[in-house]
1. Tell me the chymotrypsin sites (Phe, Trp or Tyr not before Pro) within the stretch 404-502 that lie in a loop according to DSSP and have at most 15 other beta-carbon atoms within 10 Å.
2. Suppose we keep just the alpha-carbon trace of the stretch 383-457; what are its Rg and Dmax in angstrom?
3. Per the Kirkwood treatment, what hydrodynamic radius in Å, one decimal, follows for the stretch 165-227 from the mean inverse distance over all distinct Cα pairs?
4. In nm, what is the difference between 0.36 nm times the number of residues separating Ala166 and Ala491 and their Cα-Cα distance?
5. At 0.36 nm per residue, minus the direct Cα-Cα distance, what do Gln114 and Thr351 gain on full extension? Give it in nm, one decimal, please.
6. Dipole magnitude of the stretch 379-502 about its Cα centre, charges +1 at Lys/Arg Cβ and -1 at Asp/Glu Cβ only, in debye to the nearest 20?
7. So for the pair Ser209, Thr427, with labels modelled 7 Å out along Cα→Cβ, what separation do we get in nm?
8. Need the C-alpha centroid separation for the stretch 68-99 versus the stretch 306-327, integer Å.
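Here, each number is a calculation from the coordinates, and none is a lab measurement. Not measured: the values here are computed from a predicted model. So basically every Cβ, Gly included, is an ideal-geometry build from the backbone, and we count neighbours across all protein chains shown.
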Amino acid sequence: MDSVLGSGKRRVAAVLAAIAVIVGVAGVAFGTAEAGSTVTPQSGPSGRQVHGTYKGQAKKLQTMLFEVDVNGQTSFMFCIDIATYIQFGVPYDESSWSESAVPNLNKVARVLSQTNATTTKDPVEIAAAQAAIWHFSDGFDLDVANPNNDPAVTARYNALVSDADANPVSNEPAGTLDITPSTATVTQGKPVFFDVTTTSATPLSIELSDAAVSAHPATGDSCDVATTITSVQGNQRICLTSTSSRSNVKMTLRTGSAPLSAGRVFIRPQRQKLIIGKSGAAQASETVNASWTANGRPSVTVTCPKGGVQYGAPTKFSAKANDPDGDVLTYQWMVNGSPVAGQTGADATLTVNAGDKVSVVVTDAAGQQATADANCPGRNKPTVGLVCPDKLQLGAENTFTAIGSDPDGDAITFQWEVNGTLVSGTTGPTLKIVVNAGDVVRVTAADSTGMLSDTVDASCIPPKENRPPVVSITCPTELVYGTPATFTAVASDPDGDPLTYI
């Protein structure tokens, strides 16, 4: 067959091979599949030569059908890519219209539905149909005024082009088998979803290259991991799961005899694209790839309540968590290792006692967990007791001992007072001091947060002996009986006690 460019070389053939496609979905990387049915074109019946215009230049083209074996039956294909060489004897893969990037395939498909070239193998019909197909796929125009064109070819060409312009097909014919996406990568623990479409009426076996991966039915974004499947029938969504990281796990589906419709495109890289002109049945297989990357472990920290934890009262704790894979995290708060019912958010309100251990566990979508303890200070005041010396000696030095504790475990210091005056420089648990009867020794405990205990006085110091006051009366300078007179009392108390007069 003559070259489209008139070089005497064959350029009307070789088609197929999958065109790489990248499809993006949030969190998943996609690539290309190994396609469905495959054909190997050979030369077939020739048609008439046609004369016309291609890309503004006059061209003489030889037409022909390409013969292929489809599941043991002979079928025929047309060229839809004038400017590229065909290659005989090598496989071409089934492709979608969008992947082939050939224009006006809805009109090409209409031409195929209206021609009987693949059954009659009539040279006139072959030439007219091929020229009409090139008109839509490559912009070729038959020169209807050229006397070198067979008038029968010209008439039939005009009829096919006019009909296809008026009645393009509405839908692309279904492929024998298609799986999307062709390549997917997710983080460990997440399912990979695939959509299967096929013309096969019989179940398709699922072949997995890794025994650690299993297939399940899926609905929308829900993967039914409780059900494992080994085959799929008809158009269906399925999912693959793996509990560990895996790379390039292959899933292959194979059909038995699946209907192959006229109008399906076959391609091969850097070779001419072909379109099947006669419906039949074909066996198809397609392989897709799935990978699971290692899932990063989440991290979590606990923010303590401002001012510390008050034991026995409701207290709010807050957790701040992060997942390197962006997984949604769940929370579970724990007290002393046991989960607290209803406390499954980033914040929790808990009532705890001294010695309780508060923690939070976060879990990502892959089941990876992280735990953080709430190492929070308390805001509970300390307690203190005061122990007197075994034998108190008045007028001599004595040692007083304070015993303090803090429910939060905070460090404690002591404030000592004697007769209301703070003893400077003494913050330890003992005080050595000379005391006398009536002295007041007092101690207060303070924790590291500044909270103070109740004040305790030493109970062992006796009060001072209470001596009676003395009093004298001064008489008026002149006393007249029967008239008012002023008497004055002068009193004092050796202990300084306040006095009253009667």
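1. On the way: sites: Phe414, Trp416, Tyr481, Phe487, Tyr501; in loops: Tyr481, Phe487, Tyr501.
Those satisfying the criteria are Tyr481, Phe487, Tyr501.
2. 12.5, 40
3. Details: mean 1/r = 0.0681 Å⁻¹.
Radius from the Kirkwood sum: 14.7 Å.
4. Values: separation 325, 0.36 × 325 = 117.00 nm, distance 13.45 nm.
Stretched fully, the Ala166-Ala491 segment lengthens by 103.6 nm.
5. Details: separation 237, 0.36 × 237 = 85.32 nm, distance 8.19 nm.
77.1 nm is the gain from fully extending Gln114 to Thr351.
6. Values: 7 positive and 15 negative charges, 17 e Å.
In debye, rounded to 20, the stretch 379-502 gives about 80.
7. 7.1 nm
8. A separation of 65 Å, based on Cα centres.
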